[in-house]
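One structure is given here, and the rest of the page talks about it.
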Amino acid sequence: METRFTRGKSAILERPLSRPKTEVSVSAFALLFSEVVQYCQSRVYSVTELQARLSEMGQRVGGSLLDVLVLREKNGKRETKVLNILLFIKVSVWRALFGKEADKLEQANDDDKTYYIIEKEPLVNTYISVPKENSSLNCAAFTGGIIEAILTHSGFPAKVTVHWHKGTTLMIKFDEAVIARDKSLDLR
C-alpha cells in the first residue's frame, strides 16, 4: 500500500497553499454566469432592476475577494491613496477575475472624483444573448458591484455604474470625503 505513495510525487501535493490554481474553464464560467443572469431576470421587471440585482450579487463577491487579494498580493497591507487602489483594481483584481489587466484606467477631465475603467470586451458580456427589447442590458453590472464592494470595504466609498462607451466603461464616482482625504495625504 505504501508503494503507491512513494513512486512519484503528486503535483497537487507540491503546490503551495497560498496560491491555488486560479484558472476556471470559460465554458463552466459562461454556464454558471448565464444561470445567475436567468435567476435574476426571473425576479425583476426591468433592465434597470436586473442590473441592480447583478450589482448586488457582485458586491457579495467583491467583499470576499478583497480579503483574499489583500492577503495574497499585498501581505495584508491596504491602500491609502485613490490612485493606488484604482491601480490595484486595474491590475491585481482584474487579473484575479479575468486573467488579464483591464484595458484602460482614466480620470474624467472635468471632475476630480470620477474615474473610468474601460474594458473593450468584458468576459461577462461575451456569452450572454440579449434580446432586442433589453438591448441596454450590460451584464458587467456584476463586475461593477464587485469593484464597488472592493472600494467601499477598502475605505474608499464610491458609486460604480456601468455604461456602453468604448466597449464597457465602469464609471467610479468617489465621495467628496475620499477626495478631500486624498488631497490631505498629498500635503504631508
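The values are calculated or read from the model by the stated rules, or taken from the named source; none is laboratory data. Every value quoted in this text rests on a predicted model; they were computed, and no experiment measured them. In this analysis, Cβ positions are derived from the backbone assuming ideal geometry, glycine residues included, and neighbour counts consider all displayed protein chains. Just so you know, the surface numbers come from the protein's heavy atoms only, side chains and all, with ligands and any DNA or RNA stripped out. Shrake-Rupley method; radii C 1.70, N 1.55, O 1.52, S 1.80 Å.
Observations
- Filter result for Lys120 (within 30 Å of Pro131 (Cβ to Cβ), in contact (Cβ under 8 Å) with a residue 40 or more places away in the chain and of a type in the set (Lys, Arg)): yes
- Selection from segment 41-99 of residues that are open to solvent by less than 20 Å² (accessible area, probe 1.4 Å), among the aromatic types (Phe, Trp, Tyr) and closer than 20 Å to Ile128 by Cβ: Trp94
- Restricting segment 29-40 to residues that are in contact with a helix residue (DSSP H, G or I) (Cβ under 8 Å, 6 or more places away or on another chain) and of a type in the set (A, V, I, L, M), the residue that is most open to solvent (accessible area, probe 1.4 Å): Val36
- Among residues of segment 126-159 being of a type in the set (S, T, N, Q) and buried (at least 20 other Cβ atoms within 10 Å of the Cβ), the one that is modelled with the lowest pLDDT is Asn138.
- Residue identified as in contact with a Lys or Arg (Cβ under 7 Å, 6 or more places away or on another chain), of a type in the set (Val, Ile, Thr) and not in a helix (DSSP H, G or I) among Ile179, Ile128, Ile172, Ile117: Ile117
- Taken residue by residue, segment 38-51 has at least one member that is touching a Cys at 6+ places or on another chain (Cβ under 6 Å), under 13 Å from Gly145 (Cβ atoms) and of a type outside the set (S, T, N, Q).
- For segment 142-169, the candidate set comprises residues that are part of a helix (DSSP H, G or I) and hydrophobic (A, V, I, L, M, F, W, C); within that set, the residue that is nearest to Val61 (Cα to Cα) is Ile146.
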